[in-house]
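Read through the structure below, which is laid out as structure tokens, and then see the notes.
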Amino acid sequence: MVPLSWYLVFAAALFSIGMFGVLSRRNAVAILLGIELMLNAVNINLAAFWRYGDVRLMTGQVFAIIVFAVAAAEVAVGLALVISVYRNRHTVVADEIDMLKW
Amino acid sequence: MTTETLIWLIPLPPLLAFFLIVLFTNKSKALSHTIGVGAAALSFIGSMVVFVRALGVEHLGESPFESAVNWLPTGDTWFRIGVLIDPLGAAVLFFVAITILMIFLYSVGYHNYGQPAGDHDVKGLPPHGATITDEHGHKHVVPSVEPMYSRFFAFLGLFAFGMYTLVVSDNLLTLFVGWEIMGLCSYLLIGFWYGKPSARDAAVKAFMTTRIGDVFMLLGIAFLYSATGTLTFREIFTEETLHALASTPAWFGMTTSGFIALLLFIGTVGKSAQWPLHVWLPDAMEGPTPVSAMIHAATMVSAGVYAVIRMFPLLTADYTGHGLTVTMSIVAFIGAFTALFAATIAVAQNDIKRVLAYSTISQLGYMIAALGIGAYVAAAFHLITHAFFKALLFLGSGSVIHGMEHGVLHTGNHHVDPQDMYNMGGLRKKMPITFWTFLIGGFALAGFPLVTAGFWSKDEILADAFGHGHLAVFVTLAIAAFLTAFYTMRQITLTFLGEPRTEEAKHAQETPWTMTTPLIVLAFFAVTYGWVGIPEHFPLLGGLVPNWFHEFVGSTLAEHPEAIEFNPIPLLTSIGVAGGGLILGWLYYRNVKSVSEDKFQIPLLKNKYYFDEAYNFLFVKPAYWFAENIVYKFLDKGVIDGILHAFGPFTQGTGSALRNYIDLPVINRAIGDGSAEITYWFGGKLRAIQTGRVQQYLMLALVTFIVIGAALYFFVLA
Amino acid sequence: MTGEQIVFLVVAFFTLAAGFMVVTTRNLVHAALWLVAALFGVAVTYVTLHANFLAVVQVVVYIGAIAILFIFAVMLTRRDMRDQGPQMNKNWWLGALLAVLTFGGLYFLLQGWEGMTKTATSYPVSFDAISELGSALVSPVGYVLPFEVASVLLVAALVGAVYVAFNPRNGDTRK
Amino acid sequence: MSFWNDPLKVAADWLLGVFTGWGMPELAANILIGFLGILILISLLMVLDIGLVWVERKVVARFQDRIGPNRLGPFGLIQPFADIIKLMIKEDITPAGADKVIYNIAPMLSMMSVLILWAVVPLAPAILGVDLNIGVLYIIAAGSIGTLSIIMAGWASNNKFALIGAFRQVAVMISFEVPMLATMLIPTILAGSMGTAAIVEKQDIWYVLLAPLGALIFLIAAIAELGRAPFDLAEGESELVSGYNIEYSGMKFGMFYAGELLHAFTFGGFWAILFFGGYRFFGLEKVSPFLAIAVILFKAFIGYWLIMWVRYTLLRIRIDHMLAFNWKFLTPLAFTLIMVTALMNALLAGAPAWLYIAGMFLSNIVVAWGALEIARFYSRRERERIEGKQVVAAGH
């Protein structure tokens, strides 16, 4: 059998990879890609805890589904923002979108 | 629906109509009057249902319809308000409902609904007529619609609410609330045409004069509440309470009950325009002619009398049957005096409405006098019959004026006063319905024997006065009755009989159905209502119809008043003065062709005994002087302004000291600028980390998070 | 090492590799496609956890909608796709350090947790997870409120996305 | 237990005996047998696919008043094989500037997305790839892989026409997935399960009788999903010169083409499964699995033929009209229909069968009628807005 720790470590690794993407990529769309990876890592954890706890308690799956909904909403709004910014500033490089500096 | 619930609901439709019209339907005339008349009709139906149910209850006096709710917490107990319909209330509700509905209906026609808007009518002035061109190209001037039509119905609705509240309330406080609402409406309606200075003055005069009475009434209510701890009628009118009140002496040789009754009575003096507070009522005729006048004749001023009738047990609490008490003497005196006094003035007035106004004062005096001598049922009876025929007369006079205005518009001569009786004459052919109904009303007022309601009620008062031995009152009232018949016949003769004295009178026209219908309805009651109260021992007629009114209204009192013995002297007197007055009036004024031929134009009477002038000199002028010299020049300018002017330099000195020595150096320099400079310095140093790049922010946040997390873990958890 | 473990290791390795490609590939379309691969890996992980519904929804929502949306967005902003400059910002080493630190911290914390080595109980044979999930989502004693909140969130996001991305210059042709 | 009654089991047992006889462990043998089954199913499908090419060409010819392939073999039956040989020996071109890996993966994914659908097609009572209890969702999931393949093909070709075609196709597919999923939920509600096998098992009454409108919406959405006329905007020969597969040639194009045909046939099959009783036909399926397979293939062919009929009869619709039609008409209608169906299903639970059927059928008709009335009202208003109010000329 696969122990729970494998899933957790796997999810933590995926989360860290996604975080690296979020922190390091210049392209705003790529940053959103990283966020998706992080959300998936969370979902793996939720599903794993559901499976390794009492399978009759559906909390893990329910929360995973709500994370799906949140992810969909986040992507829709995020990409709309990226496109809107691109239309006005002709760039999607996160470093160049720095109008809010001092 | 239980009768009690229905009673609660009766006053509400007009109030609702008021708010609906004011808030929403002000723009639409048709909608406004539909709502107004509809509300009045709803209340009318409710009242009639209550009345009919009240008739069906035996011993209604002992177990009336009543219902009360807690209203104000007063320490451990509650002040309760509620509704009460006993026989008196039912009888009053009957005539109030009818007359109010009639007012509403009549107003539709009186304000020329359906006519075009005036050529140069403005809000606040009566309509001046509109020019229309017919299909032949001829121009006509026709009556124009009232510019503030909707507002009028709103006011009437509020008035009706006040009146119904007063009638159905079971305690003095809500009665007083209704009373004051009507006072406000009276003010608003007298000043309805606020563009006219005379109307403005009359409104203020009416409001101020009645306010005097109301203050005393409020005092009486307060005294009563402190003495008994309740304002509910049926709790006051218990044997013990009344006895306790009657046996406690107060000031001026009066008992507590008598003193309270006197205070409450002063309220009535103001509301019912009794001498010496009668001066506002004739001026109130400045309002829209028949309608507000009718409020000031049939319903609202009757409310004053109603209040006294209501408080009758209190008034007579210390009355043993032998010799009037001080309070009752005052009441009787004022009533009788007013009856005679107003009647004499009425003889010399030429304005058709003013004659009726003084006649109203006189008739109200009749009722007050009757109450003063303890004739409870007679007063109530006369109250109701008077309401019917006086409403009829006022509406009739409004109809006459309306017809005359038609003539004025026709000739275009606006200098002719359509209210002056010497400009009329011969109108019976032009306005037959108005004439016949006015004749019925006039005869009822004069007390034309046997057929009119006024005869029976007036006769009962006279019989009571004579029967109980109050001869002075009896004689005074008899003379007043003679004068009443005389000036009534004078009015009828001058207005309707003979030949038209002016061009305008020739072109007068009958008024529309909305105005004549109320006349006919009221004329019916002006004749028939008398028959419900024919004394049982009356020759021939007595016993034909049972004396229902006496039985029914009399049962309101705990002690059932006995019908007095029949005596031919008051009857003959009554017939004599009525007939004599009528015949003399006709004989004399038949031949009078103009004002100069009228021998009764005595300056003293013409000028109402100079009461206005006297009040002006005694109260108004001193008040102006006091306001100008004492309050304004001395108190306001000298004392208060002086203090204020002293404040200025003082404050300025203090202020500049504070500014120079505290504000500028300490607060401004050190605290204000100092904190800003410190913030600025820090900002300059710290802004380097505000790069505007989200990823750097996130990195910073994560670094902080990891550092703090690690520190917490190692130092706290481990 | 059992078959399940081998399958898991293969899938996990594949997923992590795909994830790594997502964050390092220069070409953004490739990155998005690698994301699809990684998401597939996650879907397979769900299957190994007996969460079939989640797996299929993962494919429908993530691959069918979100990944496609990403590819759209990349193509709509394609001027930067040809950007030949560096794909990483100047602080990428700090990001990498932080990622490693995070992973290390998480691993460290997980090591200290006693539930870590827990093994799964055998999956009940006749257990219908989907109808359980369905009733949990709409039952008043279950999660109907979070479910409704999520749907409201989705509607709000939909409206917001349309509003933000709406181009007023050539958008409304009805005028 | 004979081959006639349960062929899969008999074959599997025999193979297991053979393999273990060779000394294989049982687990490995089972896995091998599973792979063999998949291989056989796919091979059969491919053969069927070749047949479909012939069917399609013949049918379109008849619709267009032509004869169609008739030279090679009887009725031109050899023609598709000749086509395949031609495609296979054609030069395999990968355009310069194309993204080679993605360009080559795309046609495979396209074919794959169709083939994996057959995992949940119940061919006969016990003959089913895998009885997923979320079969209906699985269909959508497989469809999204098809979407992915198209956008990969369009983008990797490095061609503007291809990219535009892919964009259009993806927009359409994502949009029409919504009403499709919604109508798929109707059989789910009626059967109480998402599994395809369970839906067929429960279908004592064909669901087309209970949800005729649902069946219609599903068919429309399926045609859009397939990208066939009148919704073939991705190809649009006249505007986009074949759309996303413009750069493909040889067998790569052949895979797209075969995938499309098989996809259409597959959706004909799903239509039959969801609304026409699948393999059930008056008890025939109980006689023999082979008869059941024949029944479902027959039904699938009927659906396929209907799709072809629509394709070769109707004109292409403009993209904005099509998306507006989906979002403003089909999607709300589908959602309304779900709610009405669920409500009626709950209300009529326990009612006699005839009342149940009549109630469901009538509620569908009412919903359809109402939707058409609303659509007519808006279209009339739109027409008046554009053309001005038309005054009906009085007769002279």
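Nearest 10 degrees, 0 to 90: what angle lies between the long axis of helix B:674-686 and the longest principal axis of chain B (Cα atoms)?
The angle comes out at about 60 degrees.
For the protein assembly as shown, just the Cα set please: Rg and Dmax, both in angstrom.
51.1, 152
Determine which lysines satisfy two conditions relative to B:Lys599: a Cα distance under 18 Å, and not lying fewer than 8 residues away in the same chain.
In chain and number order, the partners are B:Lys608.
Tell me, what does the Kirkwood hydrodynamic radius of the range D:55-162 come to in angstroms if you use every pair of distinct C-alpha atoms? Walk me through the numbers before you get to the answer.
Numbers: mean 1/r = 0.0581 Å⁻¹.
Its Kirkwood hydrodynamic radius stands at 17.2 Å.
With angles folded into 0 to 90 degrees, how steeply does helix B:471-496 sit against the dominant principal axis of chain B? Use alpha carbons for both and round to 10.
The two axes meet at around 90 degrees.
Could you give the distance between the Cα centres of the range D:261-289 and the range C:11-40, to the whole Å?
The two parts, judged by their Cα centres, are 39 Å apart.
Could you tell me the distance between the Cα centroids of the range B:189-204 and the range D:37-99, to the nearest Å?
Spelled out, the Cα-based centre of one part sits 103 Å from the other.
If you find the alpha carbon centre of the range B:566-632 and of the range A:1-79, how far apart are they in angstrom?
Distance between centres, Cα-based: 102 Å.
Along the principal axes of its C-alpha atoms, what lengths does the range B:614-703 span, in descending order and rounded to whole Å?
Sorted largest first, the three principal extents are 96, 35, 15 Å.
Return the sequence-ordered ³J(HN,Hα) values of the range D:178-185 in whole Hz as given by the Karplus equation 6.51 cos²θ - 1.76 cosθ + 1.60 applied to θ = phi - 60°, using x for Gly and Pro.
So the Karplus estimates, Gly and Pro as x, are 5, x, 5, 4, 4, 6, 5, 6 Hz.
How much of the calculated P(r) for the range B:203-278 lies past 20 Å, in percent of all Cα pairs? Don't jump to the answer; show the numbers that get you there.
Details: 1018 of 2850 pairs.
Across the range B:203-278, Cα pairs with separations above 20 Å total 36 percent.
Given the range B:607-647 reduced to its alpha-carbon atoms as identical point scatterers, what log10 I(q)/I(0) does the Debye formula return at q = 0.19, 0.22, 0.33 Å⁻¹?
-0.60, -0.68, -0.94
Just round it to a whole percent: the fraction of Cα-Cα distances in the range C:1-83 exceeding 15 Å.
Numbers: 2047 of 3403 pairs.
Every Cα pair in the range C:1-83 considered, those over 15 Å come to 60 percent.
Using a cut-off of 27 Å between alpha-carbon atoms, which lysines can reach B:Lys429, once sequence neighbours fewer than 8 places away in the same chain are excluded?
B:Lys139, B:Lys353, B:Lys390, B:Lys506, B:Lys593
Note the direction-averaged projected area, equal to a quarter of the hull surface, for the Cα convex hull of the range B:39-148, in nm².
Projected over every direction and averaged, the Cα hull of the range B:39-148 covers 11.9 nm².
For the range D:1-85, what class follows from the C-alpha gyration tensor (a ≥ b ≥ c being the square roots of its eigenvalues): rounded when a/c is under 1.5, otherwise prolate if a/b is larger than b/c, else oblate? Don't skip to the answer; put the middle values down first.
On the way: a/c = 4.06, a/b = 2.99, b/c = 1.36.
Because a/c hits 1.5 or more and a/b exceeds b/c, the range D:1-85 counts as prolate.
By how many degrees, 0 to 90 and rounded to 10, does the Cα axis of helix B:453-467 deviate from the longest principal axis of chain B?
Taking Cα atoms only, the helix is inclined about 80 degrees.
What is the diffusion coefficient of the range C:106-148 in µm²/s, taking the Kirkwood radius over Cα pairs and the Stokes-Einstein relation at 10 °C with a viscosity of 1.306 mPa s? Show your work: numbers first, answer last.
On the way: Rh = 13.4 Å.
Answer from the Stokes-Einstein relation: 118 µm²/s.
List the lysines whose Cα lies under 29 Å from the Cα of D:Lys9, skipping any in the same chain that are fewer than 8 positions away.
Partners within reach: D:Lys202, D:Lys286, D:Lys299.
If the viscosity is 1.567 mPa s and the temperature 4 °C, what Stokes-Einstein diffusion coefficient in µm²/s follows for chain B when Rh is the Kirkwood radius over Cα pairs? Show your work: numbers first, answer last.
Details: Rh = 28.6 Å.
Answer, rounded: 45 µm²/s.
What ratio of Cα Rg to 2.2 N^0.38 Å holds for the range A:4-93? Write out the running numbers ahead of the final one.
Numbers: Rg = 15.7 Å, N = 90, 2.2 N^0.38 = 12.2 Å.
That ratio works out to 1.29.
Over the alpha-carbon set of chain D, divide Rg by the Kirkwood Rh and report the Rg/Rh ratio to two decimals. It would help to have the intermediate numbers written out before the result.
Numbers: Rg = 23.4 Å, Rh = 23.1 Å.
Radius of gyration relative to Kirkwood radius: 1.01.
Bear in mind these aren't lab numbers, they're just calculated from the coordinates by the rules spelled out. No experiment lies behind these values; they were computed from the predicted model shown.
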